[in-house]
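Sharing a structure, written as structure tokens. Questions coming.
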Amino acid sequence: MRNFKFLLTLGLTAIVFCSYSQESADSTATKSNEQLTYDKGAVINGVKWATRNVDAPGTFAAKPEDFGMFYQWGKNIGWSYKSPIIASDGTNKWDQYWEWTKGGKRVKEGTWTGGDMITWERNNQPCPKGWRLPTTEELKALAKAKGKWSEINGVKGYTFGSGSNSIFIPAAGSVSGSYQGSFKNQVFKIGHFGSNTEGRIWADTKYKYESPSEGHTANTLFIDKYNVMVNVKNNRTAIDVGLSCRCVSE
């Protein structure tokens with residue numbers, strides 16, 4: 001009888017412990033998810049900016065210095081930057097706005113041109129709920145803010161603003177695809193370039209496509225040790241390059 005009571009008590013204890021462990025795990029998961037979708041933000045020149053880059057679609061990176069994922073303009077698919085470089089949707093298909101032959105000959109319009117979009121559609125942006133991508137004018141306002149080239153935990157980048165109303169944009173570089181290797185043995189590869197040297201974040205605005213010589217491009221904020229500028233006109237970025245996304249409050 002004593003053994004039965006002991007086993008019954010032990011069993012009930014195990015059930016309570018398992019139940020508590022599951023609740024604790026669920027609570028931790030919920031808290032972690034909230035941390036990746038919530039950001040306190042910082043107000044700079046009248047615009048509330050997120051303090052972290054976008055990571056997977058709908059989430060922020062864990063820390064201000066984290067690169068997050070990289071996005072082609074107009075697409076809600078994130079790309080990692082560490083080898084092997086993979087896409088958030090699992091397809092791993094890198095789209096280009098021109099199709100190229102080995103040897104660098106441009107042959108025809110590619111699989112991603114942005115279509116008729118001039119503004120990145122809100123329902124297809126990677127920002128978490130309550131946030132959106134900045135306009136070109138909002139990028140210009142940020143570029144005019146007080147700032148400096150700085151470093152956090154070994155990651156170089158640019159700090160805009162001051163005190164509690166400041167953000168750090170890491171020099172995350174870019175992700176892009178190209179043919180690499182000798183002329184006769186070229187293979188298409190996706191690579192990460194410019195890390196800790198320069199960074200760009202997308203505006204929600206695509207330049208109106210007018211001729212093949214101009215290509216399909218969009219506006220960006222560019223940072224490096226010597227410059228902070230909003231790239232428009234001749235300095236825009238091709239929309240099939242993967243760049244960082246930094247959101248503003250809706």
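With the structure loaded, tell me whether residue 74 is surrounded by fewer than 17 Cβ atoms within 10 Å (Cβ to Cβ) and at pLDDT below 95 or whether it fails that test.
Numbers: surrounded by fewer than 17 Cβ atoms within 10 Å (Cβ to Cβ): no; at pLDDT below 95: yes.
Taking the combined requirement at face value, the residue does not satisfy it.
Which members of the stretch 141-193 meet the condition of being assigned to a loop (DSSP other than H, G, I, E, B) and modelled with pLDDT under 95? Before the answer, list the steps.
Step one: of the stretch 141-193, the residues assigned to a loop (DSSP other than H, G, I, E, B) are 144-146, 153-154, 163-164, 171-172, 181-182, 186.
146, 163, 164, 181, 182, 186 - these are the residues of the stretch 141-193 that are assigned to a loop (DSSP other than H, G, I, E, B) and modelled with pLDDT under 95.
If I go through the stretch 39-51 residue by residue, how many of them are part of a loop (DSSP other than H, G, I, E, B) and touching a residue at least 60 places away in the same chain (Cβ under 8 Å)? Give the steps one after another, and end with the answer.
In the first step, residues of the stretch 39-51 are kept if they are part of a loop (DSSP other than H, G, I, E, B); the result is 39-41, 45-46, 50-51.
Filter once more, keeping what is touching a residue at least 60 places away in the same chain (Cβ under 8 Å): 39, 41, 45-46, 50-51.
Of the residues in that region, 6 qualify.
A further question on this structure: Only one of 108, 93 is over 21 Å from residue 55 (Cα atoms), in the same structural domain as residue 192 (by TED's automatic domain parsing), modelled with pLDDT under 85 and among the basic types (Lys, Arg). Can you tell me which?
Numbers: 93 fails: over 21 Å from residue 55 (Cα atoms).
Exactly one of 108, 93 is over 21 Å from residue 55 (Cα atoms), in the same structural domain as residue 192 (by TED's automatic domain parsing), modelled with pLDDT under 85 and among the basic types (Lys, Arg), namely 108.
What number of residues in the stretch 195-223 are at pLDDT below 90 and charged (D, E, K, R)?
4
Could you look through the stretch 120-140, keep only residues that are of a type in the set (Lys, Arg) and in a helix (DSSP H, G or I), and pick out the one that is surrounded by the most Cβ atoms within 10 Å (Cβ to Cβ)? Before you say what the answer is, go through the steps one by one.
Of the stretch 120-140, the ones of a type in the set (Lys, Arg) are 122, 129, 132, 140.
The next check asks that each one be in a helix (DSSP H, G or I); those that pass are 122, 140.
Values: 122: 11, 140: 17.
Restricting to residues being of a type in the set (Lys, Arg) and in a helix (DSSP H, G or I), the top hit is 140.
Specify which of the listed residues (62, 25) is surrounded by fewer than 16 Cβ atoms within 10 Å (Cβ to Cβ), at pLDDT below 55 and hydrophobic (A, V, I, L, M, F, W, C).
25
The values are calculated or read from the model by the stated rules, or taken from the named source; none is laboratory data. Just so it is clear, the model here is predicted, and its values are computed rather than measured. In this analysis, Cβ positions are derived from the backbone assuming ideal geometry, glycine residues included, and neighbour counts consider all displayed protein chains.
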